[in-house]
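The values are calculated or read from the model by the stated rules, or taken from the named source; none is laboratory data. Computed from a prediction, not measured in an experiment: that's the story for all the values here. All Cβ positions, glycine included, derive from the backbone under ideal geometry; neighbour counts span all protein chains shown. All accessible areas refer to the heavy atoms of the entire protein, side chains included, with ligands and DNA or RNA removed. Shrake-Rupley method; radii C 1.70, N 1.55, O 1.52, S 1.80 Å.
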Amino acid sequence: MDEPLIITGAYDLILYLVPHVVKFPKQQRYTLGERLENMVLDFLSLLIEARYARDKIDLLKRANILLEKTRYCVRLCKDLKVMSLHTYEVISKRIHEIGAQLGGWMKQSGT
């Protein structure tokens with residue numbers, strides 16, 4: 001079975017994000033940075049669960065909320081200047097693409 005594009009996208013987002021979080025100032029790295037990393041890891045976990053679940057709707061809804069929380073957290077990182085504008089733009093674009101894929105998956109699953 002091929003891996004869904006959204007799971008690959010979420011994985012790639014984590015690969016891009018983690019090296020940037022490591023560069024956060026110490027105070028934000030262990031609060032905001034850790035929280036951000038956990039959100040994207042939890043998001044990926046929900047997608048993987050949904051891939052194999054019979055009833056996907058609740059998992060996809062939870063993933064959607066988590067993605068929205070991630071979006072705001074990334075914006076906060078940019079506004080606090082712990083993340084460069086370029087990094088913010090790249091991550092925001094990826095989150096937007098993943099969100100569109102998630103919306104399609106939710107629609108296909110009946111929400």
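What the table shows:
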quantity	calculated
22 Å Cα-Cα threshold exceeded, pairs from K56/K107; K56/K78; K26/K61	K56/K78; K26/K61
Sulfur and carbon atoms: percent of accessible area, the chain [1.4 Å]	54 percent
Angle in degrees between helix 85-109 and the longest Cα principal axis of the chain, rounded to the nearest 10	10 degrees
Trypsin sites (Lys or Arg not before Pro) lying in DSSP loop within the range 1-91, provided at most 13 other Cβ fall within 10 Å	K23, R54, K81
Cα-based helix-to-principal-axis angle, 34-52 vs the chain, degrees rounded to 10	10 degrees
Simple spin-label estimate for Y52 and I65 in nanometres, 7 Å along Cα-Cβ	2.4 nm
Rounded accessible area per residue of the chain, 1.4 Å, Å²	63 Å²
